[in-house]
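Here's the structure we're looking at; comments come further down.
The values are calculated or read from the model by the stated rules, or taken from the named source; none is laboratory data. Note that the structure is a prediction, hence the values are computed from the model and not measured. Every residue, glycine among them, receives a Cβ derived from its backbone with ideal geometry; neighbour counts consider all protein chains shown.
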C-alpha cells in the first residue's frame, strides 16, 4: 500500500481507501461488512469513509460494530463522517452550528468512537454563512471530536471563501475536498480546482472512481438485476444510463476494454489506477459488495505503475474529454 499526505496536513492516508456508501446498511449485512473491511485492512487500507446520511445512519452503526468486533487499534484507522443530511426536522440538515455539532455527536455514537479523524461538510449550504460553518468545524476540532475538516462538492469559490475566513479569524481552514472524480467526470477536479492546489495545497479524497459501476463494464449490455442502478432510491442512475449521454458513456467504456486487455487487467482496475495517477489525489475511495471485489480493487496500485505516458495517451484518445487547461497570457 502507498500512503499519501492528506493535502497540507501531516496525516497520511492509504492511496486506496474504502467507503460505506450504498452497500453498508442497504445491500449487505454485518458479517459481509466485516469480511470486506478485513480484506481492506489486510491490504493496508487505513482510511474508511462514511456519512450520517448513508442508510439514514445505519452505515455508521454497521461500521462501528465491525470495528468493535475486529478489535482494530483505533489509532491505526482514519475514520471520516460527513454532515449535512441528518433527518427531516428543520434543524436536522444543513451546515448550521447546531446541526454540525449535534450531527457529529450522533455520528460518534453510531460509530462507537470518541472522535473522527475527518469530518466533511457533505455539500455547501447556501443558507448558512460560511463563517458560521468554519467556526463550527473549528469547535469540533477544539473539542477533540475531529482532527481535520473538509468539504465535499463545494465550488472553488466556496472553498476559497472558507480559507479566507479561516485566515482572517485565525481559524483552521479545510484540509481536503471530497469531489466525484473519474474518467467520465473530471472538469471540476482538473480545471475548476486547478489554482487551489498551489494556493492551499488542497488534498482530494475522491469518490465514485468507477462512475457508480459504469466503468467496470457491467452495464455494457444493459442493466443487470441486483446492481445499485436497480435499487429503490437510485433511479437517477438508471435514468442516466438510459439517456443519450449514458449511451455515449457506455460506448466509451467499451472502447477502453482493448487497453485493459492489453495490460491484462480489468476495466475497474484501469479506472482506479487512472484516478491514482492524479498527483492532487490523496486517496481514491473504493466501494464493494463482496470481499473479492475489495481484493481485486487493491491491485489497482500495481496497475498504476503500468500506466506509462504512452498508455495514458491511448486512454485520453478514447476518453476525448480532457478539460482545457487554464489559459495563460504571455507578457511579451
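Structure above, values below:
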read-out: Top-ranked residue in region 96-124 [being part of a loop (DSSP other than H, G, I, E, B) and over 19 Å from the mean Cα position of the chain (by Cα); ranked as surrounded by the most Cβ atoms within 10 Å (Cβ to Cβ)]; value: 113
read-out: Hits in region 210-234 (condition: exposed (fewer than 13 other Cβ atoms within 10 Å of the Cβ) and either under 21 Å from the mean Cα position of the chain (by Cα) or modelled with pLDDT of 95 or more (or both)); value: 233
read-out: Residue count, region 297-310 (criterion: buried (at least 18 other Cβ atoms within 10 Å of the Cβ) and part of a helix (DSSP H, G or I)); value: 6
read-out: Test: residue 74 is at pLDDT 95 or above, over 18 Å from the mean Cα position of the chain (by Cα) and buried (at least 16 other Cβ atoms within 10 Å of the Cβ); value: no
read-out: Members of region 191-209 found to be touching a helix residue (DSSP H, G or I) at 6+ places or on another chain (Cβ under 8 Å), crowded, with 19+ Cβ neighbours inside 10 Å and closer than 28 Å to residue 20 by Cα, listed by number; value: 193, 202, 204, 206, 209
read-out: Subset of region 201-215 [assigned to a loop (DSSP other than H, G, I, E, B) and closer than 13 Å to residue 9 by Cα]; value: 201, 202
read-out: Out of 183, 145, 137, sole residue that is free of Cβ contacts under 8 Å to residues at least 60 places away in the same chain and surrounded by 22 or more Cβ atoms within 10 Å (Cβ to Cβ); value: 137
read-out: Scan of region 1-42 for residues that are in a helix (DSSP H, G or I) and out of contact with any helix residue (DSSP H, G or I) (no Cβ under 8 Å at 6 or more places or on another chain), ordered by number; value: 31, 42
